[in-house]
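Please treat every number below as a calculation from the coordinates, not as lab data. As the structure is a computational prediction, the values presented were derived from the model and not from experiment. Glycine also receives a Cβ, built like all others from the backbone with ideal geometry; neighbour counts cover every protein chain displayed.
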Amino acid sequence: DVSDLSDLERIQILGHGSGGNVYKVRHRKTSALYALKVIHGNHDEAVRRQIIREMEILKKTESPYIVKCHGIFEKGEEIHFALEFMDGGSLEQRRSDMMSERFLAQVARQVLEGLKYLHRHKIVHRDIKPSNLLINKKQEVKIADFGVSRILSQTLDPCNTYVGTCAYMSPERFDPETYGGRYDGYAGDIWSLGLSLLECYIGHFPFLAAGQKADWPALMCAICYGDPPSPPPTASAHFRSFITCCLHKDARNRWTAAQLLAHPFLLSNSPQAPTIPMQRLTI
Ligand code: ATP
Ligand code: MG
């Protein structure tokens, strides 16, 4: 683990979110690379303490599917986190690549393993989206950012710009009475994953046409009152079914992470079973 912030040398900026910047850094003594996330200092003390407490939990998290935290530092008003560096960046940055179903099945499997772990520990992520799904050269996919987004989505208006976007929020978070929002919060993460995978497949946010700008009230109406989006007819039946299982509008009908891990889309694309003929599988 990283014991001192001054041991870290900044190499380049990796990106910026609404909460602050992320830098690629090198540990001077060990040469190990980390991603340093710097959260701006404009929060009250209670929120800061809560973010730090949450990140302490993340430090203890032992899942190969969740980005590890290696150090937490307070510097004046800022909070710095030394995170596991993911050299392939986020799925959002790769959105222009055509992502094959096979690749997306590997992504889905790993993110679902991460969600299964979090949900088993009674943790809801609340901010699954392509920019929070990171990849490395070993083709490992990991979930980033659970601590910070959880706190900020609890303490601020969910559509506050700090949280970035509520575009990936499930219908039950806007309208809990109609869509089973009181049932449990875990299904919201599954909705967000389904939307993120579909976005990676079609190359744009599924509730908007390519290049269309978000008009927030219209988008919220589409999420709550429209049909859920689906892959084009050219996609395989397994992929279309998988996305349907993630995007049931009523939270109570949505599949859980454990159920989705056994879906034929993942089984037929698993590294162990390279080619299972479609007709042998029953959905
Ligand atoms: P928002 O603030 O709206 O949630 P975001 O997720 O893009 O958006 P950040 O979490 O601050 O914002 O991350 C900014 C970018 O930094 C990410 O999109 C990603 O490309 C990069 N990044 C974040 N964490 C890591 C990491 N551990 N390894 C490599 N790159 C990272
Ligand atoms: Mg993020």
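When the chain is fully extended, how far beyond the present Cα-Cα distance does residue 47 get from residue 10, taking 0.36 nm per residue of separation?
On the way: separation 37, 0.36 × 37 = 13.32 nm, distance 2.68 nm.
Residue separation times 0.36 nm, minus the Cα-Cα distance, leaves 10.6 nm.
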Check: Too long at a 30 Å Cα-Cα cut-off: which of 37/122; 29/138; 37/137; 37/249; 29/122?
Finding: 37/249; 29/122
Next item on the list: Compute from the Cα atoms of region 1-121 the Rg and the Dmax, the latter being the longest Cα-Cα distance, and quote both in angstrom.
Entry: 15.8, 46
Next item on the list: May I ask you to sort 102, 254, 173 by Cβ crowding, counting other Cβ atoms within 10 Å and putting the fewest first?
Entry: 102, 173, 254
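Would you mind working out the magnitude of the charge dipole of the chain relative to its Cα centre, with +1 at each Lys and Arg C-beta and -1 at each Asp and Glu C-beta, to the nearest 20 Debye?
On the way: 34 positive and 31 negative charges, 151 e Å.
Its charge dipole is roughly 720 debye.
In what sequence do 16, 125, 80 fall when counting other Cβ within 10 Å, fewest first? Don't skip to the end; give the middle numbers.
Working: 16 11, 125 27, 80 20.
With the fewest neighbours first, 16, 125, 80 line up as 16, 80, 125.
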Next item on the list: Could you work out which residue, out of 46, 32, 251, moves most in a Gaussian network model of the chain, that is, has the largest mean-square fluctuation with Cα springs under 10 Å?
Entry: 46
Check: Taking the convex hull of the alpha carbon atoms in region 33-82, what volume per residue do you get, in Å³?
Finding: 73 Å³
Check: Counting pairs of alpha carbon atoms under 8 Å apart in space and at least six apart in sequence, what relative contact order in percent does the chain give?
Finding: 16 percent
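Report the FRET efficiency, 1/(1 + (r/R0)^6), for residue 241 and residue 272, where r is their Cβ-Cβ distance and R0 is 22 Å, rounded to 0.05. Display every interim value, and only then the final one.
Values: r = 21 Å, r/R0 = 0.95.
The computed FRET efficiency comes out at 0.60.
Once fully extended, how much extra length lies between residue 258 and residue 29, figured as 0.36 nm per residue of separation less the alpha-carbon to alpha-carbon distance?
Answer, rounded to one decimal: 78.3 nm.
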Note to self: What's the whole-number percent of alpha carbon pairs in the chain lying beyond 25 angstrom?
What the structure shows: 47 percent
Next item on the list: Only helical DSSP H runs with n ≥ 4 go in: add -39500 (n - 2.57) per run for the chain, normalise by residue count and round the 222 nm mean residue ellipticity to 500 deg cm²/dmol.
Entry: -10500 deg cm²/dmol
Item checked: Exposure proxy order (Cβ contacts within 10 Å, fewest to most) of 216, 191, 255 -> 216, 255, 191
Notebook entry, point to check: Among 227, 175, 44, whose mean-square fluctuation peaks in a Gaussian network model of the chain (Cα, cutoff 10 Å)?
Noted result: 44
Check: For labels at residue 212 and residue 94 in the simple 7 Å Cα→Cβ model, what's the distance in nm?
Finding: 2.7 nm
Checklist line | Residue among 24, 137, 129 with the largest mean-square fluctuation in a Gaussian network model of the chain, springs linking Cα atoms under 10 Å | finding: 137
